[in-house]
Amino acid sequence: DTAVSQTPKYLVTQMGNDKSIKCEQNLGHDTMYWYKQDSKKFLKIMFSYNNKELIINETVPNRFSPKSPDKAHLNLHINSLELGDSAVYFCASSIWTSGATGELFFGEGSRLTVL
Amino acid sequence: GDSVTQMEGPVTLSEEAFLTINCTYTATGYPSLFWYVQYPGEGLQLLLKATKADDKGSNKGFEATYRKETTSFHLEKGSVQVSDSAVYFCALSKSTNTGNQFYFGTGTSLTVIP
């Protein structure tokens, strides 16, 4: 049973389209994240939600909109796709305990290619 | 602000060679430190971690020691295998009032040749 699952794994689309990536975790974690990994493997945090509340919203174009319907799900919707959005997007989750940090569990990634 | 700096790659080693990937950090407070590994086409997975100074994390023959005096968490393995070829990320995390914050290094690509 996959701990953090993302769909789709691959996404090829045209510039200007709108697309969504879904993420679900079955670990009972209370915090979920979206990361973007570029072609040089650099990881950039995009968003973080704790108990459905937006915690981190880094400098990301407002074409990117996360939605967390419940603690176990964090979806990413992207409007008006641009060439520079091509990347691998990773969902991750962790459990937050005051004064201690749990590890991050990552999904397998969703490779987005914008043509 | 908090950050992680790790050795630039790529690194190419022969099988059974000794591996060191350097990682230093800047952080206030008491972060936890991690090494993550990403195999080709996969997501990141935890390799090892250390939560306080002088702790040693170890897994699959890899180890790293949390050194507060040098703010370092270098990854080492005595004898690498072809199957260790992957990208390695050093990371730190801190607990805040609103959740965990994670900071990743830029990743170091390792290729092990037979």
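The values are calculated or read from the model by the stated rules, or taken from the named source; none is laboratory data. Everything quoted here is computed from the prediction, not taken from an experiment. Positions of Cβ are backbone-derived with ideal geometry, glycine not excepted, and every protein chain shown enters the neighbour counts. All accessible areas refer to the heavy atoms of the entire protein, side chains included, with ligands and DNA or RNA removed. Shrake-Rupley method; radii C 1.70, N 1.55, O 1.52, S 1.80 Å.
From B:Leu75, B:Leu110, grab the single residue that is more than 14 Å from chain A (Cβ to nearest Cβ), among the hydrophobic types (A, V, I, L, M, F, W, C), under 17 Å from the mean Cα position of the chain (by Cα) and closer than 20 Å to B:Glu8 by Cα.
B:Leu75
Can you tell which of A:Thr59, A:Thr31, A:Thr2 is open to solvent by less than 70 Å² (accessible area, probe 1.4 Å) and either in contact with an Asp or Glu (Cβ under 7 Å, 6 or more places away or on another chain) or among the hydroxyl-bearing types (Ser, Thr, Tyr) (or both)?
That would be A:Thr31, the only listed residue that is open to solvent by less than 70 Å² (accessible area, probe 1.4 Å) and either in contact with an Asp or Glu (Cβ under 7 Å, 6 or more places away or on another chain) or among the hydroxyl-bearing types (Ser, Thr, Tyr) (or both).
What strands (runs of 3 or more DSSP E), lying completely within the range B:16-55, carry at least 2 residues that are within 13 Å of another protein chain (Cβ to nearest Cβ) and open to solvent by 40 Å² or more (accessible area, probe 1.4 Å)?
B:44-50
Of all residues in the range B:60-91, which are part of a strand (DSSP E or B) and among the charged types (D, E, K, R)?
B:Glu63, B:Arg67, B:Glu76, B:Lys77
Please verify whether the range A:10-20 includes one or more residues that are touching a His at 6+ places or on another chain (Cβ under 8 Å), surrounded by 16 or more Cβ atoms within 10 Å (Cβ to Cβ) and farther than 21 Å from A:Gly102 by Cβ.
Yes; the residues of the range A:10-20 include at least one that is touching a His at 6+ places or on another chain (Cβ under 8 Å), surrounded by 16 or more Cβ atoms within 10 Å (Cβ to Cβ) and farther than 21 Å from A:Gly102 by Cβ.
Go through (1) in contact (Cβ under 8 Å) with a residue 60 or more places away in the chain; (2) within 16 Å of A:Ser93 (Cβ to Cβ); (3) within 14 Å of chain B (Cβ to nearest Cβ) and name the single condition A:Lys9 misses.
The failed condition is (2).
When only residues in the range B:73-101 that are at pLDDT below 95 and over 16 Å from B:Gly57 (Cβ atoms) count, which is surrounded by the fewest Cβ atoms within 10 Å (Cβ to Cβ)?
The selected residue is B:Asn97.
Looking only at the range A:47-91, count how many residues are in contact (Cβ under 8 Å) with a residue 60 or more places away in the chain and within 14 Å of chain B (Cβ to nearest Cβ).
3
Does any residue in the range B:67-79 that is of a type outside the set (D, E, K, R) come within less than 8 Å, Cβ to Cβ, of a residue that is part of a loop (DSSP other than H, G, I, E, B) and at pLDDT below 95 six or more places away or on a different chain, and which pairs are these?
Qualifying pairs under 8 Å: B:Thr71/B:Ala27.
Would you check if B:Glu42 is free of Cβ contacts under 8 Å to residues at least 40 places away in the same chain and over 17 Å from A:Tyr33 (Cβ atoms)?
Answer is yes for this residue.
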